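Student: Questions regarding the structure given below will be posed in turn.
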Amino acid sequence: MSHRYPIRMNRRLFLSSVAMLTITAPAVSFARTISGSLPWEPMASDPPARVIPGGWQFFTPKEAALVEAIVDRLVPHDDLSIGGKEAGCAVYIDRQLVGAFGTSSRLYTQGPFKPALPTQGYQGEADPAQRYRAGLAAMDAFLKQRDGKTFVELKPEEQDAFLTEMEAGKVDLPNGVKAAGFFGLLLQNTMEGFFADPIYGGNKDMASWRMLGFPGARYDYRDHVAKHNQPYPLTPVSIAGRPEWLGKGA
Amino acid sequence: MTRILPRKDVVIVGLGWTGAILANELTDQGLDVLAVERGPWRDTATDFNIGYAQDELRYSIRRDLFLQPVVETMTMRNDPSQTALPMRDFGSFLPGNGVGGAGVHWNGHTWRFWDSDFKTKTNLTNKYGAARIADLQVEDWGVTGADMEPYYDQFEYLAGISGKAGNIKGQLQEGGNPFEDPRARDYPNPPMQMTYAPTLFAEAGRSMGLHPFPTPSANMSRAYTNPLGITLGQCTFCGFCERFGCANYSKSSAQTTVLPVLMKKANFEVRTDSEVLHVDLASGGKSARGVTYIDSSGEEYFQPADLVLLCAYGLHNVRLMMLSGIGKIYDPNSGEGTVGRNYCYQTNAGVQVFFDDKNFNPFIAAGALGQTIDDFNGDAFDHGGLDFVGGAGINCIPTNGRPIGTRPTLPGTPKWGSAWKKATVEGYKSTLSFSSQGSSYATRANYLDLDPTYKDRFGRPLMRMTFDFPDNDVRMSNYLCDRMEEIAKKLGGKQYAVGRRKKGWDSVPYQSTHNTGGAIMGTDPKRSAVNVFLQSWDVPNVFVIGASAFPQNAGKNPTGTVGALAFRAADAIRNQYLRNPGAPLVQA
């Protein structure tokens, strides 16, 4: 696992991931008493770690091929942008699933788990990583049974038709996987990857930002605020800068 | 083993807006003050870094600065016949965490409530008769607009609010809000430069005889030095405001307006990553001895103090009261008990207007940069021929063009595929959105109590929220949607879409972090938990400061009123309470 930035076990990261759940574990306290001045120390900040494509950390090769095929239908290659696969949406999802999102480590996961009203949100016991593992397997098991083919073996228009059925909840996937719910998770994560800063692996060369005209991380528009209805002239910039600043492999 | 610490004059639970204001005022008074904060220390220089503050995924979608549900969540249901289940992730509202609290990542809309808002029950009864509000449980606050004016002024000058007065000492001011109460002086800073969408919205409103004005904003229209000598910088319209810390020192927060002064004082300290479990009461339950807190290693401490100030998020103030046995928990069947009573929210709806020929550059934005129309808010209009009470501000405040969350498309657009992509590109720059932020009026069955089943990480009951939009408020919101449709038609455009408010409050999509009530202020200890100075009726050396004190919510963002109530409570403690500590400021 290679990272552009060194990973530091930062106090807040630690708190949000481990300590809150294991208060009886060996005592490690980040509690501080602060008095007398604003506390400041050099390098105290907590920059993001940049995703470097290459290899899979959560998906098996077969799952990865399926997810790449799905994201390439949700965000197809056309004259507006590259497709979801080339943009890195599957890489984005892979890395999210090995992090706090995948394991719901920041969420409330205590039972009992009961049937929910629509207004009460997701009440399942499975975390996103478990939902992907089960959901992807269920998709291919269903398709093999029905069509004799896996998703990646279908033609693009057949893939679209199946995703449309999933979105509408019209297919009964095996092992209790709810098609519409899993589709919603896939769609949410694909869009996150496509539109997030490229440092997370899924918006290669700011493809979606160029498509929309979103300038990204610029942070100062004082020179354009009064120019109503006039196009903003500058191209986007990422937290990690621009691809041409980063050299080969960026 | 609980370790017992040396006594303090004052212990404050939570170091956000109200905690910082109270701490600064009471340390000025010479008291020895400790703040105990559940979350981490946070500051601009270290945490809101201009190199990566503009990270939508991390801060807006994964919500890095917010309270995480693993630490504390609540259960919810829409009515008392249902079984409440935990909000496993926060959605409809997003409480803050850490030093600065939700004031770190707010948008900055800074309103004054009106005299008529403070007298809701009396005013509505006098105008429309008691039968009109029989389904509601609205109350008077026990204060007047004139009582509150100096404290609003204090908060607005602390925070450097950018705006245009509409009424200075009774003289209406061109370009301001003609419906506001008289104020002593104008805002400390002029309004922000307007972007294109609010400019068009205001033109349309004016042409219809309405009264648009610049939304009062805690984003700085220019560099500003506040009365504590702390300087904020000019807002750069970066479009990363709500859910983000500001890297420019240009959004007011405890960090940018109070902490640089407070932290230097020898008689103040803050303990971070330390969660208060409860307030400890003396035998008999009539006075507080201090608080018990636990640090992130699981070590427990008892912190003795003469005065305890609950300055956490309003909902957490209410839960701490319940867990500490301060006051009696409200029972909707008997109507008895006050803690948890009159929980209210905000009743919002929205409109999108789609154009072909306009470029709004939605990424050039700030959290509170926009225009508001108050002609249909609160008591600004006659409800005589209408079937509801209350109202809403109509706000055109486009806060961002961040693309994971902000991708308006025409109704009926698919959610994926090439047709989706084409519509997304077309809608991104050329859609104008505005919304109604409506009042939320109390009912008997909207309330907070403790959940019988679900526990937090320490095994204490979660708070249970029982809430749905009252019929009155849904009718109000529909009326406002009709008015918004008129504005949408006036704006032109090829099409518009209205998102109306329906019953069945949904805890999943984001709506508003304006949760109010549960420890409401008032003049009757049977119907309020705190008196008009936010002092507990039951335990007089405890003050409970925040939007928990609102008897019902107006069609306005709460922070201005929360800040004003904090200054008012501080004034009462300094100039009345300390003369006779431990005694009630108001006789029940």
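The values are calculated or read from the model by the stated rules, or taken from the named source; none is laboratory data. Here the structure is a predicted model, which means the values were calculated and not measured. Don't worry about glycine lacking a Cβ; one is built from the backbone with ideal geometry, like all the others, and counts go over all protein chains shown. Ligands, DNA and RNA are stripped out before the accessible areas are found, and what is left, the full protein with its side chains, is counted by its heavy atoms. Shrake-Rupley method; radii C 1.70, N 1.55, O 1.52, S 1.80 Å.
Rundown of residues vs (1) over 23 Å from B:Cys396 (Cβ atoms); (2) more than 22 Å from the chain's Cα centre (by Cα), yes/no style:
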position: B:Gly176; (1), (2): no, yes
position: B:Met192; (1), (2): no, no
position: B:Leu200; (1), (2): no, yes
position: B:Ala204; (1), (2): no, yes
position: B:Ser207; (1), (2): no, yes
position: B:Pro212; (1), (2): no, yes
position: B:Asn219; (1), (2): no, no
position: B:Thr231; (1), (2): yes, yes
position: B:Gln234; (1), (2): no, yes
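Student: If we scan the range B:324-332, do we find a residue that is buried (at least 21 other Cβ atoms within 10 Å of the Cβ), assigned to a loop (DSSP other than H, G, I, E, B) and of a type in the set (S, T, N, Q)?
Tutor: For the range B:324-332, residues buried (at least 21 other Cβ atoms within 10 Å of the Cβ), assigned to a loop (DSSP other than H, G, I, E, B) and of a type in the set (S, T, N, Q): absent.
Student: Limited to the range A:166-184, what total is found for residues that are more than 9 Å from chain B (Cβ to nearest Cβ), crowded, with 17+ Cβ neighbours inside 10 Å and outside any loop (DSSP other than H, G, I, E, B)?
Tutor: 4
Student: Also, quick follow-up: So which of B:Asp306, B:Asp295 is touching a Pro at 6+ places or on another chain (Cβ under 8 Å) and among the charged types (D, E, K, R)?
Tutor: Every option except B:Asp306 fails the conditions.
Student: A further question follows. Condition first: in a helix (DSSP H, G or I) and within 11 Å of another protein chain (Cβ to nearest Cβ). Now tell me which residues in the range A:73-94 satisfy that.
Tutor: Hits for the range A:73-94 are A:Arg73, A:Leu74, A:Gly84, A:Tyr92.
Student: OK, next. Do any helices (runs of 4 or more DSSP H) lying entirely in the range B:185-271 carry at least 2 residues that are in contact with a Phe, Trp or Tyr (Cβ under 8 Å, 6 or more places away or on another chain) and within 13 Å of chain A (Cβ to nearest Cβ), and which ones are they?
Tutor: B:196-207, B:254-257
Student: Please enumerate the residues belonging to the range A:95-117 that are within 7 Å of chain B (Cβ to nearest Cβ) and in a helix (DSSP H, G or I).
Tutor: The one that is within 7 Å of chain B (Cβ to nearest Cβ) and in a helix (DSSP H, G or I): A:Phe101.
Student: Within the range A:185-208, can you find the residues that are open to solvent by 10 Å² or more (accessible area, probe 1.4 Å), facing another protein chain (nearest Cβ under 7 Å) and touching a Gly at 6+ places or on another chain (Cβ under 9 Å)?
Tutor: If the condition is that a residue be open to solvent by 10 Å² or more (accessible area, probe 1.4 Å), facing another protein chain (nearest Cβ under 7 Å) and touching a Gly at 6+ places or on another chain (Cβ under 9 Å), then A:Tyr200 is the only one that fits.
Student: Identify the single condition in (1) within 10 Å of another protein chain (Cβ to nearest Cβ); (2) small (Gly, Ala, Ser); (3) under 30 Å from A:Phe214 (Cβ atoms) that A:Ala69 does not satisfy, given that it satisfies every other one.
Tutor: Result: A:Ala69 passes all but (1).
Student: Looking at the range B:371-393, is at least one residue assigned to a loop (DSSP other than H, G, I, E, B), within 11 Å of chain A (Cβ to nearest Cβ) and either touching a Gly at 6+ places or on another chain (Cβ under 7 Å) or open to solvent by less than 10 Å² (accessible area, probe 1.4 Å) (or both)?
Tutor: no
Student: Restricting attention to the range B:42-52, does a residue exist that is among the aliphatic types (A, V, I, L, M) and more than 27 Å from B:Ala247 (Cα to Cα)?
Tutor: Checked the range B:42-52: no residue is among the aliphatic types (A, V, I, L, M) and more than 27 Å from B:Ala247 (Cα to Cα).
Student: Now, a different point. Answer yes or no: is there a residue in the range B:429-442 that is within 14 Å of another protein chain (Cβ to nearest Cβ) and either open to solvent by 30 Å² or more (accessible area, probe 1.4 Å) or in contact with a His (Cβ under 7 Å, 6 or more places away or on another chain) (or both).
Tutor: Scanning the range B:429-442, I find at least one residue that is within 14 Å of another protein chain (Cβ to nearest Cβ) and either open to solvent by 30 Å² or more (accessible area, probe 1.4 Å) or in contact with a His (Cβ under 7 Å, 6 or more places away or on another chain) (or both), so the answer is yes.
Student: Out of all the residues in the range B:75-91, which are more than 17 Å from A:Ser104 (Cβ to Cβ), surrounded by 21 or more Cβ atoms within 10 Å (Cβ to Cβ) and of a type outside the set (D, E, K, R)?
Tutor: B:Thr75, B:Met76, B:Asn78, B:Ala84
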